[in-house]
Amino acid sequence: MTLSEKVGQTNQPANVDAVGDAETLRLGLIGSSLYASGPTAGNIKDRGLMLSTIEAVQRIAVEESRLGIPLLFARDVIHGHRTIFPIPLGLAAAWDEDLVERAARMAADEAAANGIAWTFAPMIDISEDPRWGRVAESFGEAPALASRLGAAAVRGFQESASSLASCAKHYVGYGLVRGGRDYDSVSVGENTLRNLHLRPFRAAVEAGCAAVMAAFVDVDGVPMHANRRLLREILKQEWGFDGVVVSDWRGIGELVEHGVAADLREAAAQAIRAGIDIDMVSGAYAAHLAELVESGEVDAELLDDAVRRILRMKLRRGVFEQPYPPRSTDRAPTSASRTLARLAATSSFVLLSNRDVLPLNPSTRSRVLLTGPFVDNGEALLGTWTLDGRGEDVVTPATAFTERLDNLTVDDGRLSDRTLKLGRQADVIISLLGEHPSRSGEASSISKLDLPVGQLDGVRQLAALGKPLIVVLFTGRPLDIGDLLEHAGAVLLAWHPGIEAGPALADAILGKVPPRGRLPMTFPRSVGHLPSSSHQRPTGRPLEARGDVPSGGYIDALAQPRLPFGFGLSYTTFRYGAIRLSANEMPLVGGSIRISVDVTNTGPRPGREVVQLYLRDLVADVTRPLRQLADWRALDLEAGSRGTATFVVTPDDLGYYDRTMTYRVDPGEAEAIVGANAAQGVTARFSLKEEAR
Ligand code: BGC
């Protein structure tokens, strides 16, 4: 390859087309393209156009360039392509790897039919601050959950006949932006990165993800796009990642705005040294890399390494054998894809409160009022990052409930005098509220976590009518729900559920599929409590009640979250038995312990309990979380029946990085806590023992 052909492989402009870019393609100066979207580029909504463009562009690259190297075409396929599933944070609430994998596979199938070969997903940033709009795209705050769901998504995207290359993003620490403000800076030490934020990326790499995307942010003063330590040393050298590191949108160029490079040329030099292989959109590599190599300022081996990675990715994706998109037409959702979307939606719902209002008796003749801004608005039920989803594909709650209830009144829109009048005539009120998807996602951070203006007051007015009141909450993030739980008879958290929103909601509310999701992020008591995630580390002065201070941490408020991580109710109740350990000691090398707890369904209905295992290392080289999610088991239990959740713990479950950034597992005491959420549980201790010599 000539120097300029090599640089061409690293160049990823957006929305390449066969007319304007023909000559550049012939010269081999473009390696990949993204058909872009989001706040940074115009939408391409016309998939027919996209498919024919991809085909024509590829023909030039393959048939008219000297080397005939095909391009890779990328797009943000985040939670479904045409068949839109719940937002990732909602999918995470199902705590179900198989479901995430199947949804990713379905998305890959549909996107591949549109000529896409590469998706910029999964997003596995540990998300602790709900002000940050991008929490909607994430799998939440717990490394164990995000790691396992992230790896499942990678498998789903990549491992099927019509697969997509997947890209774990955004490496790393993006979830810690100051004040939850998108793109703001990040101050975090390497130890916290290793023990929390890097874990899901390690899991994605081990699952074989083809690419990793650098985050927009700086970490402790070093922008990720120039961060040699985190990209080249840890990701590539220490972990042995042999895939591609792609910049985020214009991320290399933004080194100039970050104030660490004087111009694009310097930015290009810093980025290639740091380990960024592909320049998405900034043009810095295309303009300067050849000259930097020729002058000796950038080692030619760095460019060769980047090109090798890119070609390896193309080989692995099979684009040399099959460069052209399939000659298929646009894929509308099918009954199979809808079945999966509906299962995903019902599995994502989290029951936050219920005073015997739910499930509604399906045989009831009672008059039901369905009201609120989400009643019949398809677009609003899709969620953020749905480039190819269509509002008209959504079966709305209005449609689904009309099919199922004889005596239904639909009142679409905000609360009005008419709503109150209809409420007075109804026997049951179902109010669908929350935040529109445009309030979450990229560049959509908020400073207050309250429900949108007027909604909580509306709930109070409806509650004052004295009828059973069910509130369904649509949101892309944990909200400060104030006293919502006190006013409503039941509150069901539905996130943004996707195209089967209506049928899934009807299934849950009418009791066909009882809600079984669990919170993947803490619901804080207020904005002032942020961050308030579950992996609190022990301090010298614990956060507990002392004297007249109700709870340490604040003198004016309880420190505990409003709803803890892992929380979620069922239409039944569960009782936990004692915790049993197969042994009290675990050998440090090759050892394991079985931990089991019996759970009994003590209520009148079947239900799923998600039994959660948290671990704590009592004495370590660095402070370790008071409890950290290690594993979970879903038990489906009939009324009155008992099941056993059994976990196998190995020393690795207590491994961590120490003061010297070395991975280790310590001998000594550890604690296992098994419970229904991060704020409760039954506890037992065991110890890790060095083998006798
Ligand atoms: C986002 C990425 C996305 C990229 C390409 C950026 O603005 O941060 O998550 O993959 O755009 O659309």
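Each of Trp495, Trp249 has some number of other Cβ atoms within 10 Å of its Cβ, and from fewest to most they run Trp249, Trp495. Each stretch of four or more DSSP H residues adds -39500 (n - 2.57); spread over every residue of the chain, this sum gives -7000 deg cm²/dmol at 222 nm. Modelled spin labels at Asp406 and Ser582, positioned 7 Å past Cα toward Cβ, are 5.6 nm from each other. Close amide H contacts of Tyr171 (hydrogens built in the peptide plane, cut-off under 5 Å, sequence separation of 5 or more or a different chain): Met213, Ala214, Ala215. Using Cα positions and a limit of under 27 Å, work out the lysines in reach of Lys421, with same-chain residues fewer than 8 apart set aside. Qualifying lysines at Cα under 27 Å: Lys467. Less than 5 angstrom separates the built amide H of Val513 from those of Ala508, all sequence-distant by 5 or more or on a different chain. Taking the Cα atoms of the range 572-689, the ratio Rg/Rh between the radius of gyration and the Kirkwood radius comes to 1.04. Full extension of the chain between Ser185 and Arg418 yields a length gain of 79.1 nm, computed as 0.36 nm times the residue separation minus the alpha carbon distance. Sorting the Cα pairs of the chain by distance into bins of 10 Å, from 0 upward, gives 3, 15, 24, 25, 18, 10, 4, 0, 0 percent per bin. The magnitude of the dipole of the range 352-492, with charges of +1 and -1 set on the Cβ of Lys/Arg and Asp/Glu and taken from the Cα centre, is near 460 debye. For Lys6, the lysines whose Cα falls under 24 Å of its own Cα, not counting residues fewer than eight places away in the same chain, are Lys236, Lys314. For the chain, the dipole from Cβ point charges (+1 on Lys and Arg, -1 on Asp and Glu) about the Cα centre works out to 1800 debye, to the nearest 20. Ordering Val682, Gly603, Ala670 by the projection of their Cα atoms onto the charge dipole of the range 572-689, which places +1 on the Cβ of Lys and Arg and -1 on the Cβ of Asp and Glu, puts Gly603 at the extreme positive end. A P(r) calculated from all alpha carbon pairs of the range 515-654, with 5 Å bins opening at zero, reads 2, 9, 14, 16, 16, 16, 14, 9, 4, 0 percent. Under 5 Å from the amide H of Leu492 lie the amide H atoms of Leu352, Val471, Val472, Leu473, each residue being 5 or more positions distant or on a separate chain, with H modelled from the backbone and absent for Pro and chain starts.
For the chain, DSSP calls about 55 percent of its internal beta bridges antiparallel. Using equal-weight Cα scatterers in the Debye expression, the normalised intensity of the range 81-317 in log10 at q = 0.07, 0.15, 0.17 Å⁻¹ is -0.21, -0.99, -1.24.
The phi-based Karplus calculation (6.51 cos²θ - 1.76 cosθ + 1.60; θ = phi - 60°) puts the 3J(HN,Hα) values of the range 171-180 at 6, 8, x, 4, x, 9, 3, 4, x, x Hz, whole numbers, x for Gly and Pro. In order along the range 71-85, phi translates into HN-Hα couplings of 8, 9, 10, 10, 7, 7, 9, 9, 9, x, 9, 8, 7, 8, 8 Hz, rounded to whole numbers, per the Karplus curve 6.51 cos²θ - 1.76 cosθ + 1.60 with θ = phi - 60° and x for Gly and Pro.
You can think of it this way: the chain between Lys689 and Asp299 has 135.6 nm of extra reach, that is 0.36 nm per residue less the Cα-Cα gap. At q = 0.12 Å⁻¹ the log10 of I(q)/I(0) for the range 455-571 amounts to -0.56, computed by Debye summation with a single uniform scatterer per C-alpha, solvent ignored. Taking only the Cα atoms of the range 335-529, the radius of gyration and Dmax are 15.6, 46 Å. In plain terms, the bigger the Kirkwood radius, the slower the diffusion; for the range 61-154, with that radius from Cα pairs, at 20 °C and 1.002 mPa s, Stokes-Einstein puts D at 151 µm²/s. Determine which aspartates and glutamates satisfy two conditions relative to Lys689: a Cα distance under 18 Å, and not lying fewer than 8 residues away in the same chain. Answer for Lys689, where 18 Å is the Cα cut-off: Glu585, Asp617, Asp621, Asp652, Asp653, Asp666, Glu669, Glu671, listed by chain and number. Annotation: the residues Phe73, Phe157, sorted from fewest to most other C-beta atoms within 10 Å of their own C-beta, follow the order Phe73, Phe157.
Between the residues Asn195, Ser185, Ile234, the greatest Cα displacement towards the positive end of the dipole of the range 170-236, with unit charges on the Cβ of Lys, Arg, Asp and Glu, is found for Ile234. Pairwise Cα distances in the range 561-636 exceed 19 Å for 52 percent of all pairs.
For the range 640-691, the dipole from Cβ point charges (+1 on Lys and Arg, -1 on Asp and Glu) about the Cα centre works out to 240 debye, to the nearest 20.
Evaluating 6.51 cos²θ - 1.76 cosθ + 1.60 at θ = phi - 60° for every residue in the range 229-246, the Karplus couplings come out as 4, 6, 7, 6, 6, 7, 5, 7, 7, 5, 8, x, 5, 10, x, 9, 9, 9 Hz, glycine and proline recorded as x.
No lab work stands behind these numbers, since they all come straight from the coordinates. The structure displayed is predicted, hence computed values, not measured ones. Glycine gets a Cβ as well: all are built from the backbone with ideal geometry, and neighbour counts include every protein chain shown.
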